[in-house]
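Laboratory data are not the source of any read-out in this text; all were calculated from the coordinates shown. This is a predicted model, so every value here is computed, not measured. Reconstructed Cβ throughout: ideal geometry from the backbone, glycine too, with neighbour counts over all protein chains shown.
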Amino acid sequence: MRQISSLTALRSQLDQYRRKKESIGFVPTMGALHEGHLSLIRRSRRENSRTVISIFVNPIQFDAKKEDFSSYPRPKKKDILLAKEENVDIIFLPTDRKMYPKGFSSYISTTGLTETLCGKSRPGHFRGVTTVVGKLLNIVQPTRIYLGQKDAQQAVVIARMVEDLNFPVKVVICPTVREVDGLAMSSRNAYLSLQQRREAPFLYKSLQDARGRIRAGERRAEIIKRHIRRTLTAHTGGVIDYVECVDFKSLQPVKHLSGKVLIAIAVKFAKARLIDNVIVQLR
Ligand code: AMP
């Protein structure tokens, strides 16, 4: 595995792959790698000749006043070891300065899709995400990019950006990897207290319960949302940020469930804001 921080070194290694017509799979991450990230890496390894991962805690997607940019976990040595064990070809570790040099002033922003769900409570967040992913796509120029359904809105927004701006890459969305008790794996789970960690699986339980009700015939979004809220309020001390049923493509709220629907929730605990979702496909 090559560990690269310089853009020039990265480009020249990638050029060598391309000259040999090798396909390149790309997994962008913010590090603190867990099984969720590793599942993306393994999928990329299966589907491409080469796999590149990036670790970059992107400052422009954090709200400078309210969010956890400086305390975000950065276990660099452990991440490098894990990537090596997964036979990653290149681990790209750019510095903030390299990504955002003095005078940086160009951004990518998506409208509509970013005004619901997390976009509502984290203004500016998705502009930071699309900008950094756009930059990374231009730098790596991969054949495929691997994203997790865990961050469903992010995946939909990036897929839209790729289509709208003609990035020549295939977007692959991979299923959410969970702990045995159902909690979606996340670097932020480390911020939970013991008690909150015990409560956190109720996010997924509430979504599974919703899925059960839909299977039994319920189609009214209001009823589904009410039950999710009840479960979250009864079993967690977290503050509900949102509970939404949205159309998977437009991310706009639906009243009546039909087609492909994303049921997404966000709950704030003292130091961690957790998100989770399920997708239901209805006739
Ligand atoms: P992050 O490091 O949190 O920015 O995540 C990097 C990538 O890993 C994103 O595409 C995430 O959606 C994905 N990811 C994070 N957690 C999980 C998980 N539990 N299961 C699957 N993918 C995940």
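Brief remarks follow.
- Odd one out for Leu40 among (1) closer than 16 Å to Gly148 by Cα; (2) over 13 Å from the mean Cα position of the chain (by Cα): (2)
- Of all residues in region 108-121, those satisfying the criterion of being surrounded by fewer than 21 Cβ atoms within 10 Å (Cβ to Cβ), over 15 Å from Val162 (Cβ atoms) and in contact (Cβ under 8 Å) with a residue 40 or more places away in the chain are Gly112, Thr116, Lys120, Ser121.
- Counted residues, region 162-219 - those being polar (S, T, N, Q) and over 17 Å from the mean Cα position of the chain (by Cα): 6
- Residue list for region 193-218, restricted to those being within 13 Å of the ligand (Cβ to nearest atom) and of a type outside the set (Phe, Trp, Tyr): Ala200, Leu203
- Residues being crowded, with 22+ Cβ neighbours inside 10 Å and of a type in the set (Ser, Thr, Tyr) - total across region 13-57: 4
- Whichever residue in region 241-252 is loosely packed, with under 15 Cβ neighbours inside 10 Å and not small (Gly, Ala, Ser) and, among such residues, is nearest to the chain's Cα centre (by Cα): Lys249
- Lone qualifier among Ala190, Ala152, Ala184 - being within 13 Å of the ligand (Cβ to nearest atom), surrounded by fewer than 18 Cβ atoms within 10 Å (Cβ to Cβ) and touching a residue at least 12 places away in the same chain (Cβ under 8 Å): Ala190
- Only a single criterion out of (1) over 15 Å from the mean Cα position of the chain (by Cα); (2) in contact (Cβ under 8 Å) with a residue 12 or more places away in the chain is not satisfied by Phe104, namely (2).
Yes or no, residue by residue, for (1) of a type in the set (S, T, N, Q); (2) on the phi > 0 side of the Ramachandran plot; (3) within 12 Å of the ligand (Cβ to nearest atom):
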site	(1), (2), (3)
Phe56	no, no, yes
Asp63	no, no, no
Asp79	no, no, yes
Ala83	no, no, no
Asn87	yes, yes, no
Ile91	no, no, no
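Conditions (1) more than 29 Å from Ile158 (Cα to Cα); (2) surrounded by 14 or more Cβ atoms within 10 Å (Cβ to Cβ); (3) out of contact with any helix residue (DSSP H, G or I) (no Cβ under 7 Å at 6 or more places or on another chain), marked per residue:
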position	(1), (2), (3)
Tyr204	no, yes, yes
Glu218	yes, yes, no
Arg226	yes, no, yes
Lys271	no, no, no
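- Looking at Ile158, Ile80, Ile145, Ile139, just one residue is touching a residue at least 12 places away in the same chain (Cβ under 8 Å) and within 16 Å of Leu33 (Cα to Cα), and that residue is Ile80.
- Subset tally (residues that are touching a Cys at 6+ places or on another chain (Cβ under 9 Å) and either more than 7 Å from the ligand (Cβ to nearest atom) or not in a helix (DSSP H, G or I) (or both)) for region 11-40: 0
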